[in-house]
Amino acid sequence: MNDAWDELVSAALMGTHRRPYQGELLESAAVHVVRRRAGRLVSEAEAAGGAAAGEEAEAVSRAAGERLARILGGEQPRLLPEWLQAAAKTGRRVPPHLVPDLLDQGARDRSIRAHLGVLAGHRGRWLAGLNPGWAYLLAEPTGETWELGSAGDRRAYLRELRAADPAKARGLLEGGWEKETPDDRAEFLALLAEGLSMDDEPFLEAALDDRRREVRQHAADLLTRLPDSRLSHRMAERAAACLTVRARTIIAEPPRACDKEMERDGVRAKPPRGTGERAWWLQQIVARTPLAFWGGPAERLVRKRISDWDREVKAGWVRAAVLQGDPGWARALFAWDPLADLLAALPPAEQEAVAADFVKRHGVDGQLIMVLGGVSVPWGADLALAVLKKILKVAGSQPWNLGELTRIAGECIDPALHAMAAALSPEPPVQEVAALLRFRSDMLKELA
Amino acid sequence: MSVNVANVRQVIERWSRDQVLGLAPDGPSGKAAQGVAAPGRWQARGVTEEVLWGECAGSGAKPYLACVDLGGPAYRCSCPSRKFPCKHALGLLLLWSADDVPDEDVLPSWAAEWITRRAARAEAAQGEREALPRAEGARDDAGSCGSAPTGVAAVGIGDGQAGRRARVAAGLAELERWLADQVRQGLPGAEERDWEELGRRLVDAQAPGVAAAVRRLGRVRAGGEWGRLLGEYALINLLAVGFRRRDELPAELARTVMMRVGFPVTRGEVLSGPVVRDLWDVLGRRDEEQDRLVSRRVWLRGRRTGRAALVLSFAPVGQALDASLVTGTAVNADLAFYPGATPLRALVATRHPQPGTGHGTPPGVPVEEALAEVASAVAGDPWTDSWPVVLAGVVPAVDRLGGLPWHPRVATPWRLLAVSGGHPVTVAAEWTPRGLIPLTTWYDDGQAVLL
């Protein structure tokens, strides 16, 4: 039959005046076409790859799934990470029909991938095996072990072990240290930030000689957080060599060279464009010097006059306060320069109080948004109220300026406060925040 | 002042978000609806067993009053939008779909009034239909079976049927000659503009069905598959020959030929014929734009009779399309089928109260059985180029379903693959000569997933 059809097609293609055809060509063709449509056979070959394994975890509720579909469909897309995080905590997974959209999202946005390994379940990995665009999923954690798991699995395993038994986690890492890839070494080392103590010091000191710069940098950062580490002592000596604290002033004489030892301790020799070498070295030394070195209370030190190198020393202090997580210094420095990073060094309640105070005194601008972005979430009632009142005040005078503020308020205020926000004012921007909070509140309830 | 209409206890299962967005007349409407679907925008809202209503703050002083009869479904809103359903009705449905509309027992008076008026209108229409004479009362809203109503309106009042037939006969005779010429000269001779021109002449000859088929040839040619072009030529030729020799055909097949050529059967005529009552699963739908007109095909299958049906509606681009059939639901209704050798197209004559809800997965058949049904459909009406099937126990693959390929225009149906995970599932699909187009699948618990 196929031969006869091919014969018809080639005759029609050439034209019957060149290739004569016995009979009515179009009528024969009609018979063929209809016969083929009616007589189609099933091809036997079945799909390779087999079936996906059954899921151990249950899917999230239908309501939760529908909300995920709404988010993936473009309604409140910025809440996707929050949904994923809350869903991951439930130990459940995403219903299969939403997995392709979610994997597409993960292909575009690396930051959400960490949760997808577990949330997409076996179905997700089965799909990733069929679609090369989703292959990244196969490297994300799924709950497997240290020895056999993917890089993501092993990170998750180490993180958990470190939280439970810091020494054991360090021991595990030391055991196979030489065999790990440089990327893994850097990633794993950073996880030691949790539960850091002087017990880790010898291992970290050794890591300063690693071949990979990221590893050395992480090790130096961690050692900076330990005031009794050898690195901290060396830095204090360097600081003492170039800085003198007087009654009202600080005299600075930055180093004239960056030697091998300094580089080993994490001082980068090459400054970023626009910064002088000596200024750059000075700043880094200050950043890695234990804050206790400076003696006296931070408030007083911050007010001292610093000859010529004021900006570098203060920038060093800011970095030191953040690296070493020192609330006293962070508080004092924030008053001098309200940087979001500094807030992170304060206890959460104080972060909110400082931020609320800042909101009251400051106009709506990029800096305000940055500071608010540094406050840990969710925001409590005081900060929420301060921000909502600010929104209300600005709504009357410069509503075009509100977009980012209402958005960050809606995303960061504790969603349980949605009723308070809704009752505060009927003004649209406040209602917008309230609606977003309610959306999140409902979302979290569905995932409770 | 409100009226209690909650006399029969029956709960409509909430539609999914996809099902609601599927009702949007176009993309922008769906987007706009999401903006309206914020609880803060609604001063009041509620849902009884069958009716959803809400008052949405708009730009004016008065709120817009939106109301959806979920049983219909039917939509109404006091806003001036020409979109249908409008963003307020859709937004309200989205809220309801997200379980964000409180249950109420009573309707506000404005909503109750509308429902009452609607019921009265439906009753009047029913009475009218029963009393309908055979005369051409209502103009067919859709022209010939399976094609756009191009040129139907051009049929002047008082223009005799005989005169029209003569014009069509002349047009089709010319078409036959043209096709024979193509085969003699060789297929590559014809170009897009030849078909355009031919299509125009066929419209003038008042054969809109054939005209549309000829105009579609451009797409076939673009694919460069000569076999396909020959096949289309052959079927168009078959239709022209069928028309010429219609007196020799069985009556039903002759009807099919007339409809496909472009002689419309009126709505009234269809509705005055026999009806088939069943619980109809709404399997899916497809919207297609041709000549600034959007056609909507909704595929149905009866639970009891196993019959396939197609409900076709048309609207100018950007305007209201029939949104009363929601994919993934089942409707208890009388369908009136258009006549023909393989009846498929139908009108919803009457909708009856739903017997309960949550009908779950519709019954499907093995692929072989579905193909046998397609074969008899094609045997009855050789121009059949689309047929709804529900396949049970099939394992979808990247390139095919149950041993049948996907239509070349279908992108990999990842959502279907995800639901199946390599295990057998039930899938509703549209059969076409070139391959299957996936419509809907179901989870084991009966939840529908739109594809």
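Would you check if B:Val276 is over 17 Å from B:Leu450 (Cα atoms) and touching a residue at least 12 places away in the same chain (Cβ under 8 Å)?
Taking the combined requirement at face value, the residue satisfies it.
Under 7 Å by Cβ, and 6 or more places apart or on different chains, what pairs join a residue from segment A:417-432 that is surrounded by fewer than 16 Cβ atoms within 10 Å (Cβ to Cβ) with one that is of a type outside the set (Val, Ile, Thr) and part of a helix (DSSP H, G or I)?
A:Glu427/A:Leu392; A:Glu427/A:Ala395
Pairs needed: first member in segment A:306-333, assigned by TED's automatic domain parsing to the domain that holds A:Ala287 and under 18 Å from A:Ala247 (Cα atoms); second member anywhere, buried (at least 19 other Cβ atoms within 10 Å of the Cβ) and of a type in the set (Asp, Glu); C-beta distance under 9 Å; at least 6 residues apart or different chains.
A:Ile306/A:Glu312
Show me the helices (runs of 4 or more DSSP H) found entirely inside segment A:72-133 where at least 3 residues are closer than 22 Å to B:Ala37 by Cβ.
Those helices (runs of 4 or more DSSP H) span A:80-90, A:99-108.
Take A:Arg35 and decide whether it is closer than 27 Å to B:Arg400 by Cβ and touching a residue at least 12 places away in the same chain (Cβ under 8 Å).
Criteria met by A:Arg35.
Determine, yes or no, whether B:Leu416 is crowded, with 19+ Cβ neighbours inside 10 Å, more than 21 Å from the chain's Cα centre (by Cα), at pLDDT 95 or above and at the interface with chain A (Cβ under 9 Å from one of its Cβ atoms).
The answer is yes for B:Leu416.
Looking at B:Leu23, B:Leu52, which is the one that is away from every other protein chain (no Cβ under 14 Å), at pLDDT below 85 and crowded, with 17+ Cβ neighbours inside 10 Å?
None of the other options fit; the residue is B:Leu23.
Would you say A:Ala52 is within 42 Å of the chain's Cα centre (by Cα), in contact (Cβ under 8 Å) with a residue 24 or more places away in the chain, in a loop (DSSP other than H, G, I, E, B) and within 8 Å of another protein chain (Cβ to nearest Cβ)?
yes
For A:Ala135, indicate whether it is free of Cβ contacts under 8 Å to residues at least 60 places away in the same chain, over 19 Å from B:Val449 (Cα atoms), touching a Leu at 6+ places or on another chain (Cβ under 7 Å) and of a type in the set (A, V, I, L, M). Please lay out each step first, then the result.
Numbers: free of Cβ contacts under 8 Å to residues at least 60 places away in the same chain: yes; over 19 Å from B:Val449 (Cα atoms): yes; touching a Leu at 6+ places or on another chain (Cβ under 7 Å): no; of a type in the set (A, V, I, L, M): yes.
Answer is no for this residue.
Of all residues being of a type in the set (Gly, Ala, Ser) and away from chain B (no Cβ under 14 Å) in segment A:70-90, which is surrounded by the fewest Cβ atoms within 10 Å (Cβ to Cβ)? Just the residue, please.
A:Ala88
So which residues in segment A:260-294 are in a loop (DSSP other than H, G, I, E, B), charged (D, E, K, R) and either exposed (fewer than 11 other Cβ atoms within 10 Å of the Cβ) or not assigned by TED's automatic domain parsing to the domain that holds A:Leu323 (or both), if there are any at all?
A:Lys270, A:Arg273
Taking helices (runs of 4 or more DSSP H) that do not extend beyond segment A:146-224, which have at least 3 residues that are surrounded by 13 or more Cβ atoms within 10 Å (Cβ to Cβ) and within 20 Å of the chain's Cα centre (by Cα)?
Counting at least 3 such residues, we get A:151-164, A:182-190, A:213-224.
From (1) at pLDDT 90 or above; (2) assigned to a loop (DSSP other than H, G, I, E, B), pick out the condition that doesn't hold for A:Ala247.
(1)
Tell me the helices (runs of 4 or more DSSP H) entirely within segment A:366-448 that contain at least 2 residues that are among the hydrophobic types (A, V, I, L, M, F, W, C) and closer than 27 Å to B:Gln34 by Cα.
Qualifying helices (runs of 4 or more DSSP H): A:381-397, A:403-412, A:418-424, A:428-446.
The values are calculated or read from the model by the stated rules, or taken from the named source; none is laboratory data. The shown structure was predicted, so the numbers you read here are calculated from the model rather than taken from an experiment. Positions of Cβ are generated from backbone atoms using ideal geometry, with glycine treated the same way; all protein chains shown enter the neighbour counts.
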